[in-house]
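The values are calculated or read from the model by the stated rules, or taken from the named source; none is laboratory data. Remember, predicted model here, so these are calculated numbers, not experimental data. Quick reminder, even Gly has a Cβ in these numbers, built from the backbone with ideal geometry, and neighbours come from all protein chains shown. Accessible surface is based on the protein model in full, side chains and every heavy atom, while ligands, DNA and RNA are left aside. Shrake-Rupley method; radii C 1.70, N 1.55, O 1.52, S 1.80 Å.
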Amino acid sequence: MGNTGTTTATAHIRRLGRWDELTRLVPATGMYDAVIDEIDGRRIRVGSQWLTDYASCNYLGFDLDPEIMDAINREVRRWGTHPSWSRLLGNPRLYPDIEERLTVLLGAPDTLVLPTITHIHMSVIPILAGDGSIFYEHTAHKTIYDGCVYARGLGATIAPFHSDEPDQLAQKLRAAPPGHSKLVCMDGVNSMTGDIPDLPTIAAICRDNGALLYVDDAHGFGVIGTRSPSETTPYGLYGNSVVAHTGETYDDVILVGGFSKAYSSLLAFLALPTWLKEHLKVAAPPYLYSGPSPTASLASVLAGFDVNERRGEDLRHSLYHHTARVVNHVRALGLATPNVDGTPIVELPLASADVFKRVDEILWREGVYVTMAAYPLVPRDQVGFRIQLTAVHTDEQIDWLLSTISRLADENLLRPAAA
Ligand SMILES: Cc1ncc(COP(=O)(O)O)c(C=O)c1O
């Protein structure tokens with residue numbers, strides 16, 4: 001029989017009381033750790049409650065695309081369900097096909113794919129940093145931070161910087177010990193605020209100071225891309241990510257991205273020079289030691305490229321249309337949101353951390369499923385919720401979302417915009 005209590009051997013885990021508040025919250029809200037019993041388009045059923053899902057990152061709606069589903073079945077019949085070789089041992093042809101197409105799409109020198117971004121940060125950041133200095137953007141995704149902490153354990157020094165204070169970054173880079181590597185790590189489209197960073201400014205500072213810039217654009221890939229006079233939304237074209245979107249180059253810039261958001265698949269990538277790709281093949285543990293992505297994921301990425309080529313601009317148009325409706329409504333109500341770039345991540349801070357439960361109850365009752373940002377996941381003054389739009393939400397679903405936001409605003413539960 002399993003022992004469900006706390007043993008002497010495990011008691012110290014519970015003593016780390018930092019997470020107590022979250023541990024209490026998880027069962028108190030339906031919107032953490034939910035078991036989803038059924039989906040119907042963007043509607044999900046949790047027990048007897050149907051809700052519209054604004055918590056997934058399936059921005060382009062590829063998770064529900066019949067063309068992509070059909071492609072998966074075909075490749076699984078050809079390759080089996082899972083390659084199961086580590087990549088160093090063997091790669092189904094799907095891998096080089098993905099890397100070739102991705103390299104062209106991004107306009108990058110080369111690309112390398114690994115199962116997840118987390119694998120990439122944990123294995124590649126320490127290799128790039130060595131015993132040098134890492135500067136991480138203070139709002140960078142937790143997985144970047146974890147990669148930096150791991151690198152510190154292997155000899156690097158780490159320090160935060162603020163992307164809106166570029167002079168401060170320049171100073172820090174100038175003061176870093178010479179003769180060792182300097183690495184600057186940050187989000188592309190920020191995972192909490194949806195903001196697009198000023199990459200040209202940061203990249204120029206890095207180049208001037210001999211540093212490599214490492215950017216995680218998990219949320220921008222598939223959504224933002226090359227600006228063009230023919231674009232129909234400010235997202236630009238092709239969804240080929242933040243480097244292309246900001247008119248930057250890959251000189252001393254490593255782009256990391258993933259297929260687990262806009263492409264609805266389990267795979268991630270680095271855009272990098274070919275010499276570094278060859279080096280990582282022997283130096284980065286996941287290429288040697290980790291199991292690969294399942295065939296279904298590889299097939300859905302390739303089919304996703306096809307759909308992106310033919311229908312990507314229409315899907316991004318719909319995504320932008322839904323997002324603009326939400327952002328405009330929030331602004332018209334005089335509410336705060338950090339979203340300034342119209343990306344499909346709309347964070348709404350609460351009037352105070354104390355109304356968290358009330359907001360959670362109303363959203364659940366109204367059938368609006370969002371990412372609740374509770375303390376200690378975020379600092380107390382940033383408690384709120386995050387709405388993520390996708391191309392396949394319907395106009396009627398957005399109508400209902402807007403009326404729910406109005407209801408919360410009427411009860412003064414949302415933070416007003418600064419005057
Ligand atoms: C910015 C960012 N980086 C990395 C990750 C983790 O990606 P993966 O699931 O591929 O490890 C996420 C996932 O939420 C993310 O938002």
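What pairs can you find where one residue is in region 135-147 and open to solvent by less than 20 Å² (accessible area, probe 1.4 Å), the other is part of a helix (DSSP H, G or I) and near the ligand (Cβ under 10 Å from one of its atoms), and their Cβ atoms are less than 9 Å apart, with a gap of 6+ or different chains?
Glu137/Ile144; Ile144/Ile117; Ile144/His121; Gly147/Thr118; Gly147/Ile120; Gly147/His121; Gly147/Met122
Of the numbered conditions (1) at positive phi; (2) within 16 Å of the ligand (Cβ to nearest atom); (3) of a type outside the set (Asp, Glu), Tyr214 satisfies every one except a single condition; which is it?
Tyr214 satisfies every listed condition except (1).
Looking only at region 361-419, which residues are open to solvent by less than 70 Å² (accessible area, probe 1.4 Å), over 27 Å from Ile39 (Cβ atoms) and among the hydrophobic types (A, V, I, L, M, F, W, C)?
Val378, Val383, Ala409, Leu413, Leu414, Ala417
Taking Leu173 and the conditions (1) outside any helix (DSSP H, G or I); (2) farther than 23 Å from His279 by Cβ; (3) more than 16 Å from the ligand (Cβ to nearest atom), which numbered condition does it fall short on, given that it satisfies the others?
(1)
Within region 199-215, count every residue that is under 23 Å from the mean Cα position of the chain (by Cα), surrounded by fewer than 17 Cβ atoms within 10 Å (Cβ to Cβ) and farther than 16 Å from His162 by Cα.
Looking only at that region, the number is 0.
Among the residues of region 126-144, what is the count of those that are touching a Phe, Trp or Tyr at 6+ places or on another chain (Cβ under 9 Å), within 12 Å of the ligand (Cβ to nearest atom) and of a type in the set (A, V, I, L, M, F, W, C)?
Total satisfying the criteria: 1.
What are the residue pairs meeting all of these: first residue in region 75-97, first residue part of a loop (DSSP other than H, G, I, E, B), second residue aromatic (Phe, Trp, Tyr), Cβ atoms under 8 Å, and 6 or more apart or on different chains?
Note: pairs meeting the criteria are Ser86/Tyr287; Ser86/Tyr289; Arg87/Tyr95; Arg87/Tyr287; Leu88/Tyr287; Asn91/Trp85; Pro92/Trp79.
Determine which member of the set Ser260, Ser265, Ser241, Ser191 is within 16 Å of the ligand (Cβ to nearest atom), in contact (Cβ under 8 Å) with a residue 24 or more places away in the chain and open to solvent by 30 Å² or more (accessible area, probe 1.4 Å).
It is Ser260.
From Pro234, Pro177, Pro229, which residue is free of Cβ contacts under 8 Å to residues at least 40 places away in the same chain and surrounded by fewer than 19 Cβ atoms within 10 Å (Cβ to Cβ)?
Values: Pro234 fails: free of Cβ contacts under 8 Å to residues at least 40 places away in the same chain; Pro177 fails: free of Cβ contacts under 8 Å to residues at least 40 places away in the same chain.
Answer to the check: Pro229.
Which residues, taken from region 286-345, are without any contact (Cβ under 8 Å) to a residue 60 or more places away in the chain, open to solvent by 40 Å² or more (accessible area, probe 1.4 Å) and aliphatic (A, V, I, L, M)?
Ala332
Can we say Leu102 is modelled with pLDDT of 95 or more, within 14 Å of Phe259 (Cβ to Cβ) and not in a loop (DSSP other than H, G, I, E, B)?
yes
Of the numbered conditions (1) in a loop (DSSP other than H, G, I, E, B); (2) surrounded by 12 or more Cβ atoms within 10 Å (Cβ to Cβ); (3) modelled with pLDDT under 80; (4) not polar (S, T, N, Q), Tyr32 fails exactly one; give the number of that condition.
Of (1) in a loop (DSSP other than H, G, I, E, B); (2) surrounded by 12 or more Cβ atoms within 10 Å (Cβ to Cβ); (3) modelled with pLDDT under 80; (4) not polar (S, T, N, Q), only one is false for Tyr32: (3).
The rows are residues; the columns are (1) within 16 Å of the ligand (Cβ to nearest atom); (2) within 26 Å of Leu237 (Cα to Cα).
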position: Pro92; (1), (2): no, no
position: Glu100; (1), (2): no, yes
position: Thr103; (1), (2): no, yes
position: Ile117; (1), (2): yes, yes
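Exactly one of (1) out of contact with any helix residue (DSSP H, G or I) (no Cβ under 8 Å at 6 or more places or on another chain); (2) part of a loop (DSSP other than H, G, I, E, B); (3) surrounded by fewer than 19 Cβ atoms within 10 Å (Cβ to Cβ) is unmet by Cys57. Its number?
The one condition Cys57 does not meet is (3).
When you look at Met122, is it within 16 Å of the ligand (Cβ to nearest atom), open to solvent by 40 Å² or more (accessible area, probe 1.4 Å), touching a helix residue (DSSP H, G or I) at 6+ places or on another chain (Cβ under 9 Å) and not in a helix (DSSP H, G or I), yes or no?
no
Just the residues that are open to solvent by less than 10 Å² (accessible area, probe 1.4 Å) and within 16 Å of the ligand (Cβ to nearest atom), please, taken from region 105-115.
Thr111, Leu112, Val113, Leu114 - these are the residues of region 105-115 that are open to solvent by less than 10 Å² (accessible area, probe 1.4 Å) and within 16 Å of the ligand (Cβ to nearest atom).
Checking the condition touching a residue at least 60 places away in the same chain (Cβ under 8 Å) and open to solvent by 10 Å² or more (accessible area, probe 1.4 Å), which residue from Ile224, Ile196, Ile158 passes?
Ile196
Please work out which one of (1) part of a loop (DSSP other than H, G, I, E, B); (2) surrounded by 24 or more Cβ atoms within 10 Å (Cβ to Cβ); (3) within 12 Å of the ligand (Cβ to nearest atom); (4) not basic (Lys, Arg) is the condition Cys185 fails and give its number.
All conditions are met except number (1).
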